[in-house]
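Participant: Please read through the structure below; I'll follow up with questions.
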Amino acid sequence: MTTMLGPLRRALRIAADAPAVTCGDVELTYDQTWERCRRLVGGLRELGLAAGDRVAVVGPNCHRYLELYQAVPGTGMVLVPLNQRHTEAELRYAIDDAGASLLFAGRDVGSLGESVKHVIDLGDGYERLIAGSEPADLPDDMDENTLAGLFYTGGTTGAAKGVMLTHRNLVANALHYQVFAAFRPETCWLIVAPLFHAAGSVAVLATVWHAGRHVVLPVFDPAAALDLIERHGVTDTLVVP
């Protein structure tokens, strides 16, 4: 079985110039996405992060979030997606519990900077990070049982629980999804649900595996969703009733 970077590596081989993601005015090919992921990892390593370190992210859906979702686990670090609707206290609990070293923030995080070594804005700060970093080599021999992410779920009483998912867990889920859903190069998947939740990220690897295209909606809005579906020829999506 492959790891979280396996689908992106395949897409790069078979369709490097194909559109990978559309987010607002930003359109990126798979070749461009791969280069940005390499620079992202280079920037994280320059900040002193290494395999096993926790990288948290809180903010709306965007193309940068998709890069984090693939590149952070892909280099052996652990992604910690946080619910942007949570209060500062709830976010602090998850950050402290995960032991996050860095926080990418697309919203005001108050004093959460005291809980991590680095806070980077998910917009301009992210772009400065990758623009000023050398592309890193990404490992192609990672063990599939390596921890890929800590996903905090509020589906139980009390504090949110950090669910530990390995590369094998997430890749297996993507394989299962492809058993019943017709992913193909023509797939154009609209990301509507928040990426911090399984409903938002459920089709990321499967879509990339076939070199399909993602269209990203930062926050759900019915009119905006319908407009993107018509404008980009969206073929598939997942929403929560």
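Participant: Run the simple label-point estimate for residue 161 and residue 238 please: 7 Å along Cα→C-beta, distance reported in nm.
Facilitator: In this crude spin-label approximation the distance works out to 2.0 nm.
Participant: Something else now. Could you report the accessible area of residue 150 in Å², rounded to 10, computed with a 1.4 Å probe on the protein chains as they sit in the structure?
Facilitator: 10
Participant: Place the peptides 117-129, 218-230 in order of packing, highest mean first, counting for every residue the other Cβ atoms within 10 Å and averaging per peptide.
Facilitator: The densest-packed peptide leads the list: 117-129, 218-230.
Participant: Grab the beta carbon distance between residue 97 and residue 119, set R0 = 25 Å, and tell me the FRET efficiency rounded to 0.05.
Facilitator: Result of the calculation: an efficiency of 0.90.
Participant: Then there's this: How compact and how long is the stretch 7-101, expressed as Rg and Dmax of its alpha-carbon atoms in Å?
Facilitator: 14.6, 45
Participant: If the elastic network links every pair of Cα atoms under 10 Å, which of 169, 145, 61 fluctuates the most in the Gaussian network model of the chain?
Facilitator: 145
Participant: Ignoring ligands and nucleic acids, what accessible area does residue 57 show with a 1.4 Å probe (Å², nearest 10)?
Facilitator: Solvent-accessible area, nearest 10 Å²: 0 Å².
Participant: Let me ask you something else. What is the set of long-range amide H partners of residue 188 at a cut-off below 5 Å, with H atoms built 1.01 Å from backbone N?
Facilitator: Under 5 Å from the amide H of residue 188: 213, 235, 236.
Participant: Expressed as a whole percentage, what fraction of the accessible surface of the stretch 104-241 belongs to carbon and sulfur atoms when a 1.4 Å probe is rolled over the protein heavy atoms?
Facilitator: It is 56 percent, rounded to a whole number.
Participant: A further question follows. Residue by residue through the stretch 195-208, which ³J(HN,Hα) values in whole Hz follow from phi under the Karplus form 6.51 cos²θ - 1.76 cosθ + 1.60 (θ = phi - 60°), with glycine and proline marked x?
Facilitator: 5, 6, 10, 4, 5, x, 9, 4, 10, 4, 5, 5, 5, 5
Participant: So, how do all the Cα-to-Cα distances of the chain break down into 10 Å bins, in percent, from 0 on up?
Facilitator: The percentages, shortest bin first, are 8, 34, 40, 18, 1.
Participant: Then there's this: For 141, 96, 236, write out the residues from largest to smallest accessible area, computed with a 1.4 angstrom probe and no ligands counted.
Facilitator: If we order 141, 96, 236 from most to least accessible, we get 141, 96, 236.
Participant: Here's something else I'd like to know. Just to be sure I understand the model, the point goes 7 Å from the Cα along the line to the Cβ. What's the resulting residue 16 to residue 179 distance in nm?
Facilitator: Inter-label distance under the simple model: 3.5 nm.
Participant: Then there is this: Given the chain, what percent of its DSSP beta bridges are antiparallel, to the nearest 5?
Facilitator: Antiparallel bridges make up about 30 percent of those DSSP assigns within the chain.
Participant: Mind jotting down the three principal axis lengths of the stretch 19-69 based on Cα atoms? Whole angstrom, largest first.
Facilitator: 32, 24, 14
Participant: Given the protein chains as shown and a 1.4 Å probe, how many square angstrom of residue 62 are accessible, to the nearest 10?
Facilitator: Using a 1.4 Å probe on the heavy atoms, I get roughly 20 Å².
Participant: About its Cα centre, what dipole magnitude does the chain give when the only charges are +1 on Lys and Arg Cβ and -1 on Asp and Glu Cβ, stated in debye to the nearest 20?
Facilitator: Dipole of the chain, to the nearest 20 debye: 400 debye.
Participant: Relative contact order of the stretch 191-233, please, whole-number percent, based on alpha carbon pairs below 8 angstrom and at least 6 residues apart.
Facilitator: Dividing the mean separation by the residue count of the stretch 191-233 yields 40 percent.
The values are calculated or read from the model by the stated rules, or taken from the named source; none is laboratory data. What you see is a predicted model, and the numbers here were worked out from it, not measured in a lab. Using ideal geometry, Cβ is built from the backbone for each residue, glycine included, and neighbour counts are taken over all protein chains shown. For accessibility, only protein heavy atoms count, side chains too; no ligands or nucleic acids. Shrake-Rupley method; radii C 1.70, N 1.55, O 1.52, S 1.80 Å.
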